[in-house]
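The values are calculated or read from the model by the stated rules, or taken from the named source; none is laboratory data. Because the structure is predicted, anything quoted here is derived from the model rather than measured. Virtual Cβ from ideal backbone geometry, glycine too; neighbours counted across all protein chains shown. Heads up: the accessible areas ignore ligands, DNA and RNA and are worked out on the full protein's heavy atoms, side chains in. Shrake-Rupley method; radii C 1.70, N 1.55, O 1.52, S 1.80 Å.
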Amino acid sequence: MDGYAQKVVVMAISIKELHSSLGAEIGGVDLSIPLAPDVKQEIDTAWQRYGVLVFRNQEVTDAEHVKFSRCFGELEVLPETERTDSSLPEIFILSNVDSAGEILPEENEAVVFNSLTWAWHTDSCYRKVPSKGAILHGIEVVKGGGGETRFANLRRALEEMPVVLRDRVEGLKGQHSWAWMRSHRNLPEMNPAEAAKVPPVQHKLIRKHLDGSESLYISPIYMQRIVGWSEEATRDLVDELTGWATQERYVYEHSWEEHDVLMWDNTWTMHMVMPYDSSSQRRVMHRTAIAGIDQVI
Ligand code: OGA
Ligand code: MN
């Protein structure tokens, strides 16, 4: 009986590798309904193994999106209360379309904010405990070039890093700052109460995971400086590391279809959106972020 039950579960979900470094497409799951414990476990295992999971044709509501996300941990709410413009505080909207359905002008703050994702980063690295991962629902996606999301495997990038480069990174800490990221992108200054909630934080450039593995931990748009270094020397090293880690062999590029749901691990991958013409192309994405677990290693 047990064997049979096991077989049914195994058959229900399919896993197709998308790239030799990371990414897998998961089939046979409906994210709008509660997950059976075994299915949840399989998704969790695949998430850890592949770093990025793709679920196609998932027309979930925000409430269903949040429910699915909660299966994998506590959810974050954004530091700036005005960004939680959905009815649910856990849903972060990345969109260049206003509530009346019109494309927003380039200078609109939300549009400027979206363009931050057009450079390599990991989410919420500006928190003391960065998020474990994110789940993104593509509601309106760019058709015909641009708007793809690239993911890089920072575990493999570190494993295969030339020793001379690795030696330079060993022992370094990066200072990540939300306020600095905003200021160098000309976003309006934060009010002191909001800024106080997100003071700069430091994270080692080589991150040790609970399973003993290691990965590079960089987030170029938030890395104000390597602790003890000038901003110029910091930029040189961060650019060099980014170049190394984003070689084709470490990168999966996702071309979006409407109602794709992507789930990524923020602890050993980073990502960026390929630029697109946001004055003519609509892009509406809803995201949740799974909070990290404090692990001092
Ligand atoms: C994000 C992000 C990627 C995308 O939500 O953190 O970087 O494809 N999104 O919109
Ligand atoms: Mn992101």
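Being β-branched (Val, Ile, Thr) and at pLDDT 95 or above is true for just one of ILE297, ILE206, ILE293. Which residue is that? It would help to see each step written out before you state the result.
Details: ILE297 fails: at pLDDT 95 or above; ILE293 fails: at pLDDT 95 or above.
Result: ILE206 is the single residue among ILE297, ILE206, ILE293 that is β-branched (Val, Ile, Thr) and at pLDDT 95 or above.
Restricting to segment 76-94, and then to whatever is within 15 Å of ligand 2 (Cβ to nearest atom) and not in a loop (DSSP other than H, G, I, E, B), can you tell me which residue is modelled with the lowest pLDDT?
By that ranking, first place goes to ARG83.
Whether any residue in segment 247-258 is surrounded by 16 or more Cβ atoms within 10 Å (Cβ to Cβ) and assigned to a loop (DSSP other than H, G, I, E, B) is what I want to check. Give the derivation first.
Our first condition is that a residue be surrounded by 16 or more Cβ atoms within 10 Å (Cβ to Cβ); within segment 247-258, this holds for 250-252, 254, 256.
Add one more test, that the residue is assigned to a loop (DSSP other than H, G, I, E, B), and what stays is 256.
Yes, segment 247-258 contains a residue that is surrounded by 16 or more Cβ atoms within 10 Å (Cβ to Cβ) and assigned to a loop (DSSP other than H, G, I, E, B).
Go through the residues of segment 227-235 one by one and say whether even a single one is within 15 Å of ligand 2 (Cβ to nearest atom) and assigned to a loop (DSSP other than H, G, I, E, B). Step through it out loud before you land on a result.
In the first step, residues of segment 227-235 are kept if they are within 15 Å of ligand 2 (Cβ to nearest atom); the result is none.
No, segment 227-235 contains no residue that is within 15 Å of ligand 2 (Cβ to nearest atom) and assigned to a loop (DSSP other than H, G, I, E, B).
In segment 142-171, what residues are open to solvent by 40 Å² or more (accessible area, probe 1.4 Å) and in a loop (DSSP other than H, G, I, E, B)?
Residues satisfying the conditions are LYS143, GLY144, GLY145, GLU160, PRO162, GLU170, GLY171.
Quickly run through segment 209-234 and pick out the residues that are modelled with pLDDT of 95 or more, open to solvent by 70 Å² or more (accessible area, probe 1.4 Å) and among the charged types (D, E, K, R).
ARG225, GLU232
If I filter segment 147-178 down to residues being within 11 Å of ligand 1 (Cβ to nearest atom) and of a type outside the set (D, E, K, R), which single residue comes out as nearest to MET270 (Cα to Cα)?
Initially, segment 147-178 is screened for residues within 11 Å of ligand 1 (Cβ to nearest atom), giving 147-151.
When the remaining residues are screened for being of a type outside the set (D, E, K, R), the result is 147, 149, 151.
On the way: GLY147: 16, THR149: 10, PHE151: 6 Å.
The qualifying residue nearest to MET270 (Cα to Cα) is PHE151.
For segment 239-297, which residues satisfy the criterion of being of a type in the set (Ser, Thr, Tyr), within 13 Å of the chain's Cα centre (by Cα) and under 26 Å from GLU109 (Cα atoms)?
THR288
State all residues of segment 135-184 that are closer than 21 Å to THR288 by Cα and among the acidic types (Asp, Glu); if no residue qualifies, say none.
GLU140, GLU148, listed by residue number.
Go through segment 228-254 and give me each residue that's in contact with a strand residue (DSSP E or B) (Cβ under 9 Å, 6 or more places away or on another chain) and of a type in the set (Ser, Thr, Tyr).
Selection gives THR234, THR242, THR246, TYR250, TYR252.
Being touching a residue at least 12 places away in the same chain (Cβ under 8 Å) and in a helix (DSSP H, G or I) is the filter here; which residues of segment 172-186 pass it? Walk me through how you get there before you give the answer.
In the first step, residues of segment 172-186 are kept if they are touching a residue at least 12 places away in the same chain (Cβ under 8 Å); the result is 172-181, 185-186.
Those that are touching a residue at least 12 places away in the same chain (Cβ under 8 Å) and in a helix (DSSP H, G or I): TRP178, ALA179, TRP180, MET181.
Does segment 121-141 contain at least one residue that is within 14 Å of ligand 1 (Cβ to nearest atom), of a type in the set (Gly, Ala, Ser), under 25 Å from TYR276 (Cβ atoms) and open to solvent by 20 Å² or more (accessible area, probe 1.4 Å)?
No, that holds for no residue.
Output the qualifying pairs, or none if there are none: Cβ atoms under 7 angstrom, residues six or more apart or on different chains, first residue in segment 96-111 and surrounded by 14 or more Cβ atoms within 10 Å (Cβ to Cβ), second residue among the charged types (D, E, K, R) and assigned to a loop (DSSP other than H, G, I, E, B).
Listed by first residue and then by second, the contacts come to ASN96/ARG282; ASN96/ARG283; VAL97/ARG282; ILE103/ARG282; LEU104/ASP98.
Do we find that GLU189 is away from ligand 2 (no atom under 14 Å from the Cβ) and either open to solvent by 70 Å² or more (accessible area, probe 1.4 Å) or in a strand (DSSP E or B) (or both) in this structure?
Details: away from ligand 2 (no atom under 14 Å from the Cβ): yes; either open to solvent by 70 Å² or more (accessible area, probe 1.4 Å) or in a strand (DSSP E or B) (or both): yes.
It is true that GLU189 is away from ligand 2 (no atom under 14 Å from the Cβ) and either open to solvent by 70 Å² or more (accessible area, probe 1.4 Å) or in a strand (DSSP E or B) (or both).
Within segment 116-141, how many residues are in a loop (DSSP other than H, G, I, E, B), within 16 Å of ligand 2 (Cβ to nearest atom) and either touching a Ser or Thr at 6+ places or on another chain (Cβ under 8 Å) or farther than 17 Å from MET285 by Cβ (or both)?
Adding up the residues that qualify gives 10.
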